[in-house]
Amino acid sequence: MSRATNTPASRRRRKKILKTARGYRGGQSKLFRTAVERVARALQFAYRDRRVKKREFRALWITRIGIAAKLNGLSYSRLIAGLKKANIAVDRKVLADLAVRAPKAFADVVEKAKAQLAS
């Protein structure tokens, strides 16, 4: 009896891995075994970093809001407290975008927060 190797499927499987590994340095893109390791590691990093990216962006937004709030005479924590009191439901992404692209609009939001804190 002859040996069955399922050649079409295994070739497809190998080609898929090597196609994914295209652009890696040296044998990591040419040799199947090392390509499998590299691709597995790359997928792990991709999975992890999709979550890390969210943390990094939130930190960036908070930094931008804090600096813009200071320029308008308020600390970040006081600004957030004032916005909560004023029932202004604007998330940090939008606030940071306002601070960078529309400083006047951001200043208006800060004034509303200040008014709520004063009362």
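Points worth noting:
- Charge context of A69, other residues only, Cβ under 11 angstrom, K/R +1, D/E -1: +4
- Among (i) 12, 27, 14, 11, 14, 13, 6, 2, 1, 0; (ii) 11, 39, 34, 13, 2, 0; (iii) 13, 48, 33, 6, 0, the entry derived from the coordinates for P(r) over Cα pairs in 10 Å bins from 0, in percent: (i)
- Residue order for F45, F106, fewest other beta carbons within 10 angstrom first, comes to F45, F106.
- GNM on the chain, alpha-carbon springs under 10 angstrom: the most fluctuating residue among A42, A99, A69 is A42.
- Only DSSP H runs of four or more residues enter the estimate; each adds -39500 (n - 2.57), and after division by the residues of the chain the mean residue ellipticity at 222 nm equals -25500 deg cm²/dmol.
- Charging the Cβ of each Asp and Glu at -1 and of each Lys and Arg at +1, and nothing else, the dipole of region 8-118 about its Cα centre rounds to 1220 debye.
- Residues R48, R14 arranged by fewest to most Cβ contacts within 10 Å: R48, R14
- Note that region 82-96 has calculated 3J(HN,Hα) couplings of x, 5, 5, 5, 7, 6, 9, 9, 10, 6, 5, 4, 5, 4, 5 Hz, one per residue in order, obtained from phi through the Karplus relation 6.51 cos²θ - 1.76 cosθ + 1.60 (θ = phi - 60°); glycine and proline are x.
Values in this text are rule-based calculations from the coordinates and carry no lab data. This structure is a prediction, so every number in the text was calculated from the model and none was measured. Counting neighbours? That spans all protein chains shown, and the Cβs are built from the backbone with ideal geometry, glycine included.
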